[in-house]
Amino acid sequence: VYSLEATVACKELGFRGGQLMPPGIFGSSSGPVWLHGIKCNGSESRIKECQLERADKEMTNCLTHMYDVGLECFLSV
C-alpha cells in the first residue's frame, strides 16, 4: 500500500521509495512503542521531519503492537 510515510522512511534509508506491508507480515513485535501517529507530506528527507507523536512512558502501557508496520523499499520507482 502506497503511503507518504513509507516513501520518506525508505528514502531516508537510501532507497527510491517504498510501500507499507500488511501488519504482522514480518512477525510479531515486542518491547516499547516509541512512536505513533506519524504524518508526512512527502517533502521530508527524514522521518523525524514528519509530524510525530512520541509515545511517553504513561502511554506505552496502553499502546500495543497491533499497529506496527512493515516496509518494502524499492531500488527504483
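Summary table below
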{"quantity": "Filtered residue count, the range 1-43, keeping only those that are touching a residue at least 60 places away in the same chain (Cβ under 8 Å) and in contact with a helix residue (DSSP H, G or I) (Cβ under 7 Å, 6 or more places away or on another chain)", "calculated": "2"}
{"quantity": "Residues being touching a strand residue (DSSP E or B) at 6+ places or on another chain (Cβ under 6 Å), within 18 Å of Cys73 (Cα to Cα) and among the hydrophobic types (A, V, I, L, M, F, W, C) - total across the range 14-37", "calculated": "4"}
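Every residue, every condition in (1) hydrophobic (A, V, I, L, M, F, W, C); (2) at pLDDT below 95; (3) within 10 Å of the chain's Cα centre (by Cα); (4) in a loop (DSSP other than H, G, I, E, B), yes or no:
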| site | (1), (2), (3), (4) |
| --- | --- |
| Gly14 | no, yes, no, yes |
| Gly18 | no, yes, no, no |
| Gly24 | no, yes, no, yes |
| Val33 | yes, yes, no, yes |
| Asn41 | no, yes, no, yes |
| Leu52 | yes, yes, no, no |
| Met59 | yes, yes, no, no |
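The values are calculated or read from the model by the stated rules, or taken from the named source; none is laboratory data. All of these numbers come straight from a predicted model, not from anything done at the bench. Virtual Cβ from ideal backbone geometry, glycine too; neighbours counted across all protein chains shown.
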